[in-house]
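A short write-up of the structure that comes next.
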Amino acid sequence: WAPVGYGEYDGSTGRWMRTGFSPRKTSLVLYLSFGATEPEAVLGKLGKHKRGKGCLYINKLAEVDAQALRALIERAWAHMARKYP
């Protein structure tokens, strides 16, 4: 996966990464899927960020809480592992 993807699954639109990271000019993008249960409590602890459908945008890593970010990534990974074993 370009630039960095972790794991993979076969979904309705083909093969895709379970979670990923892309450094872009304006922000860092994390590709995360949480399913029906959105992690609002953890997102509240994260710090400065924006969200899109399946994406989390961070301007600088220094602006977010590392533990909250790790919790979000672990939660998204667990969701994808349950949905696509």
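The values are calculated or read from the model by the stated rules, or taken from the named source; none is laboratory data. Since the model is a prediction, treat every value here as computed from it, not as a measurement. Virtual Cβ from ideal backbone geometry, glycine too; neighbours counted across all protein chains shown. Note: areas computed on protein heavy atoms with side chains; ligands, DNA, RNA excluded. Shrake-Rupley method; radii C 1.70, N 1.55, O 1.52, S 1.80 Å.
Phe34 meets the conditions (1) modelled with pLDDT under 90; (2) open to solvent by 90 Å² or more (accessible area, probe 1.4 Å) in every case but one. The failed one is (2). Could you tell me whether region 21-31 includes any residue that is surrounded by fewer than 16 Cβ atoms within 10 Å (Cβ to Cβ), closer than 20 Å to Glu63 by Cβ and at pLDDT below 85? Looking through region 21-31, none of the residues is surrounded by fewer than 16 Cβ atoms within 10 Å (Cβ to Cβ), closer than 20 Å to Glu63 by Cβ and at pLDDT below 85. In region 1-20, the qualifying residues are those that are in contact (Cβ under 8 Å) with a residue 12 or more places away in the chain and hydroxyl-bearing (Ser, Thr, Tyr), and the one that is least open to solvent (accessible area, probe 1.4 Å) is Thr19.
One residue stands out in region 39-85 among those that are of a type in the set (D, E, K, R) and in a loop (DSSP other than H, G, I, E, B): the one that is least open to solvent (accessible area, probe 1.4 Å), namely Asp65.
Taking region 43-85 as the range and being at positive phi and over 12 Å from the mean Cα position of the chain (by Cα) as the test, only Gly47 passes.
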